[in-house]
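Trainee: For reference, the structure I am asking about is given below.
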Amino acid sequence: AAGVIQSPRHLIKEKRETATLKCYPIPRHDTVYWYQQGPGQDPQFLISFYEKMQSDKGSIPDRFSAQQFSDYHSELNMSSLELGDSALYFCASSLEETQYFGPGTRLLVL
Amino acid sequence: AQKVTQAQTEISVVEKEDVTLDCVYETRDTTYYLFWYKQPPSGELVFLIRRNSFDEQNEISGRYSWNFQKSTSSFNFTITASQVVDSAVYFCALSEAKYSSASKIIFGSGTRLSIRP
């Protein structure tokens, strides 16, 4: 069965640079979520989109923005990167109540 | 506010032992969903089970079983005859049930399970 696809899988950036993470949901899933997982921590909700509209917002910094496109894929844009942004970023998609997670993008900010 | 508590930070057992991971949750919602996810060393989050708040029937799937007790706000997970491949971090999680599917998940802090050969 098709799963959630995230790219890139690994990313290394310098402080103050920008990064764009991409997420391709499971086909026919209409909702996309972004989570951030710091080292040794649980995933924290950032933002979600339902039918291409932002539906909920969590602890997402103002330096981050996201959108869902007409083909339902989503992008998380991160600017002015800080050392503390180093984390595993998950995208998840759902059609009903269960969120299926992608493999994550591991971001390292140097 | 919603909260999930996994009091066991780390558990280590010998292979073939049974092990239970505890999960206690708090919510003011009358309708909600409970989940368990597995995160192996490779890092991905693997969905294991979803439970609706109105369905307290316990569930068994192979060596895995789940005990949902609304009266004590607990949703415990038992692995029978554990295997080395069960070694992972296990997250219990909670989400509000909305008319649409766009409900964020609140995760517990996770329990790191190590199965020794």
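Trainee: Could you list, in sequence order, all residues of segment B:1-18 that are part of a loop (DSSP other than H, G, I, E, B), under 16 Å from the mean Cα position of the chain (by Cα) and either free of Cβ contacts under 8 Å to residues at least 60 places away in the same chain or under 18 Å from B:TYR37 (Cα atoms) (or both)?
Mentor: B:GLN2, B:GLN6, B:ALA7, B:GLN8, B:THR9
Trainee: Another one. Considering only segment B:79-111, state which residues are modelled with pLDDT of 95 or more and surrounded by fewer than 16 Cβ atoms within 10 Å (Cβ to Cβ).
Mentor: Within segment B:79-111, B:THR80, B:ALA81, B:GLN83, B:VAL84, B:VAL85 meet the criteria.
Trainee: Are any residues in segment B:62-115 touching a residue at least 60 places away in the same chain (Cβ under 8 Å), hydrophobic (A, V, I, L, M, F, W, C) and not in a strand (DSSP E or B), and if so, which ones?
Mentor: If the condition is that a residue be touching a residue at least 60 places away in the same chain (Cβ under 8 Å), hydrophobic (A, V, I, L, M, F, W, C) and not in a strand (DSSP E or B), then B:ALA81, B:VAL84, B:ALA97 are the ones that fit.
Trainee: Only one residue in A:SER74, A:SER80 is small (Gly, Ala, Ser), modelled with pLDDT of 95 or more and over 17 Å from B:ILE105 (Cβ atoms). Which one?
Mentor: A:SER80
Trainee: For B:GLU56, are the conditions met, namely being assigned to a loop (DSSP other than H, G, I, E, B) and in contact with a helix residue (DSSP H, G or I) (Cβ under 9 Å, 6 or more places away or on another chain)?
Mentor: So B:GLU56 fits the description; yes.
Trainee: For segment A:3-32, which positions are under 13 Å from the mean Cα position of the chain (by Cα), assigned to a loop (DSSP other than H, G, I, E, B) and under 22 Å from A:THR98 (Cβ atoms)?
Mentor: Listed by number, the residues that qualify are A:VAL4, A:PRO25.
Trainee: Which of the residues belonging to segment B:13-33 are within 14 Å of another protein chain (Cβ to nearest Cβ) and modelled with pLDDT under 95?
Mentor: B:ASP29, B:THR31, B:TYR32, B:TYR33
Trainee: Still on this structure, please answer the following. Working only within segment B:59-90, note down all residues that are more than 17 Å from B:LYS3 (Cβ to Cβ) and among the basic types (Lys, Arg).
Mentor: Correct list: B:ARG63 only.
Trainee: So, one more: Given segment A:33-107, what strands (runs of 3 or more DSSP E) lie entirely inside it while holding 2 or more residues that are within 14 Å of chain B (Cβ to nearest Cβ), among the aliphatic types (A, V, I, L, M) and in contact with a Ser or Thr (Cβ under 9 Å, 6 or more places away or on another chain)?
Mentor: Counting at least 2 such residues, we get A:44-50, A:87-94.
Trainee: Also, I was wondering about something else. Looking at segment A:42-49, is at least one residue surrounded by fewer than 22 Cβ atoms within 10 Å (Cβ to Cβ), more than 22 Å from B:ILE105 (Cα to Cα) and modelled with pLDDT of 95 or more?
Mentor: no
Trainee: Here's another thing I want to ask about it. Just name the residue that is farthest from B:PHE91 (Cα to Cα) out of those in segment B:15-50 that are touching a Lys or Arg at 6+ places or on another chain (Cβ under 7 Å) and surrounded by fewer than 18 Cβ atoms within 10 Å (Cβ to Cβ).
Mentor: Checking each candidate, the answer is B:GLU15.
The values are calculated or read from the model by the stated rules, or taken from the named source; none is laboratory data. Fair warning: this is a prediction, and the values are worked out from it, not measured in the lab. Positions of Cβ are backbone-derived with ideal geometry, glycine not excepted, and every protein chain shown enters the neighbour counts.
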